[in-house]
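The values are calculated or read from the model by the stated rules, or taken from the named source; none is laboratory data. Just so it is clear, the model here is predicted, and its values are computed rather than measured. Note that each Cβ is placed from the backbone with ideal geometry, even for glycine, and that neighbours are counted across all protein chains shown. Heavy atoms of the whole protein, side chains included, go into the accessibility calculation; ligands, DNA and RNA do not. Shrake-Rupley method; radii C 1.70, N 1.55, O 1.52, S 1.80 Å.
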Amino acid sequence: MASKDRILRQKEETRTNILEAAYAIVKEDGWQGLSMRKIADKIEYTAPIIYEYFSNKEAILQELTGKGFVKLSKELENAKAKFDQPEKQLEAMWMAYWDFAFTDTEMYQVMFGVQMNCCSQQCDAAKKPYELFTSVIAEIMKNSNPTQEVIKQKYFTFFSVIHGLIAINIINQSDIMETINNQILKDAIGGIIKSIQ
């Protein structure tokens, strides 16, 4: 039994090493620089061993995407927990979302397809941020008894503005744009929150 546990632990460690190596390569060379051969070289394995764990590069991207959404969800939950008032929670959550995009830009790129193709399959972890945001939006709008469709529309109003600003900043990295977009971001969040109260 102990040897089975050890084998499982070693497999999980190898899997983790592959993902960590892949992300380290991406941090150095960008997503276009990622290949199964580079991963194998980085962890000093042969490429066939990598294929035992992941059928192709898309499978690695899918796994990293799921991890990214888990991390983002935790950051949103932490931001929400700092406030009791739903309006303040929502503002803090969107600011945490913004911060995530720039502290873990490569992860954000693969999660949302900025300057690259994101994974073709939707991962379950991607639902959690949406659920966190829409639950707070529903709380803010509760007096108007909104339908799920209206809540969804309000979420996508936020998402389209904020994601658009993030994409602009990632593509056109500039200190001037960042300052302008930070002000636009704060104005947009405040304006949209007022519109749903």
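Dividing the radius of gyration of the alpha carbons in segment 1-101 by their Kirkwood radius gives 1.14 for Rg/Rh. Pairing the Cα long axis of helix 148-171 with the longest principal axis of the chain, what angle in degrees results, from 0 to 90 and rounded to the nearest 10? Computed tilt is about 60 degrees.
Accessible surface ranking for R9, R37, 1.4 angstrom probe, highest first: R37, R9. A 1.4 Å probe run over the chain, with the rest of the protein chains in place, finds 57 Å² accessible per residue. Using a cut-off of 27 Å between Cα atoms, the listed pairs K27/K57; K38/K127; K4/K128 include K38/K127; K4/K128 as exceeding that distance.
The phi-based Karplus calculation (6.51 cos²θ - 1.76 cosθ + 1.60; θ = phi - 60°) puts the 3J(HN,Hα) values of segment 4-17 at 5, 4, 5, 4, 4, 5, 5, 4, 5, 5, 5, 4, 4, 4 Hz, whole numbers, x for Gly and Pro. A cut-off under 13 angstrom between Cβ atoms defines the neighbours of K80, and their net charge, with Lys, Arg +1 and Asp, Glu -1, is -3.
Sorting 157-168, 61-72 by their mean Cβ neighbour count within 10 Å, with the most densely packed peptide first, gives 61-72, 157-168.
Rounded to the nearest 0.05, the FRET efficiency derived from the C-beta distance between M141 and I180 at R0 = 22 Å is 0.15. Pairs of alpha carbons in the chain separated by more than 25 Å make up 46% of all such pairs.
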